[in-house]
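Okay, so here's the structure we're looking at.
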Amino acid sequence: CRHVHLCVQSGSDRILAAINRRYTRSEYLRLVDRMRASIPGLSLSTDILVGFPGETEADLEDTLDLMREVGFTYSFMYHFNPREGTPAAAMEARVPEKAKRERLARVIAVQREATLALMASRVGAVEEVLVEDLSKRSKTEVLGRTQRDEMVVFPAPASRIGGFAKLRLARLSGNTFRGEELS
């Protein structure tokens, strides 16, 4: 596989320290660079947290800048919700719910833009995919995944599940490729 889920949480060193992460933004970016140099065609996904107590607009901008710089294929994005019994639950300087929702919407917009650009650039590529399951929309199609963890649907019987297929990523339908099998 050429896909790694590399959790970052935030692009702000101040927030990374507050949530007790043992890395900085620059260390994270150096790791991304080393991984991409070692694994050609690597795709990355991550987790992004917004609205941690004390987060400022500048902290959010650091996160958005990091997202743009790395170009994650996709992200799991959420806003802070205090969990009873954790140190963060007792922290002051809570970010208001409205601000957390607005910040999350901005993070989602940046990720959508990155995902669309990355996926659009892949149309026409030829990939070997692992066939995982039947398509949810048609019993005459199967769902596969590329080495970059991209979903591809193409016509084939259920008996192909568990095997591999060589496909051309013909077009996009949302965040899923439509594939054409090559012989």
Could you check segment 1-40 and list, in sequence order, the residues that are under 17 Å from residue 76 (Cβ atoms) and charged (D, E, K, R)?
21
Can you name the residue in segment 11-41 that is open to solvent by 20 Å² or more (accessible area, probe 1.4 Å) and hydrophobic (A, V, I, L, M, F, W, C) and is also nearest to residue 122 (Cα to Cα) among such residues?
39
Scan segment 155-183 and report the pairs whose first residue is at pLDDT 95 or above and whose second residue is in a helix (DSSP H, G or I) and open to solvent by 60 Å² or more (accessible area, probe 1.4 Å), with Cβ atoms within less than 8 Å and a gap of 6+ or a chain change.
none
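Quick one: would you say residue 140 is surrounded by fewer than 13 Cβ atoms within 10 Å (Cβ to Cβ), closer than 25 Å to residue 8 by Cα and modelled with pLDDT under 95? Walk me through it before giving the result.
On the way: surrounded by fewer than 13 Cβ atoms within 10 Å (Cβ to Cβ): yes; closer than 25 Å to residue 8 by Cα: no; modelled with pLDDT under 95: yes.
Judged against the criteria, residue 140 is not a match.
Out of all the residues in segment 84-102, which are in contact with a Gly (Cβ under 6 Å, 6 or more places away or on another chain) and surrounded by 13 or more Cβ atoms within 10 Å (Cβ to Cβ)? Walk me through it before giving the result.
Within segment 84-102, the first condition is being in contact with a Gly (Cβ under 6 Å, 6 or more places away or on another chain), and the residues that meet it are 93, 95, 100.
Within segment 84-102, 95, 100 meet the criteria.
The values are calculated or read from the model by the stated rules, or taken from the named source; none is laboratory data. What you see is a predicted model; the values in this text were computed from it and never measured. Because the Cβ atoms are built from the backbone with ideal geometry, glycine has one as well, and the counts that use them run over all protein chains shown. Surface areas here come from the heavy atoms of the whole protein model, side chains and all, with no ligands, DNA or RNA. Shrake-Rupley method; radii C 1.70, N 1.55, O 1.52, S 1.80 Å.
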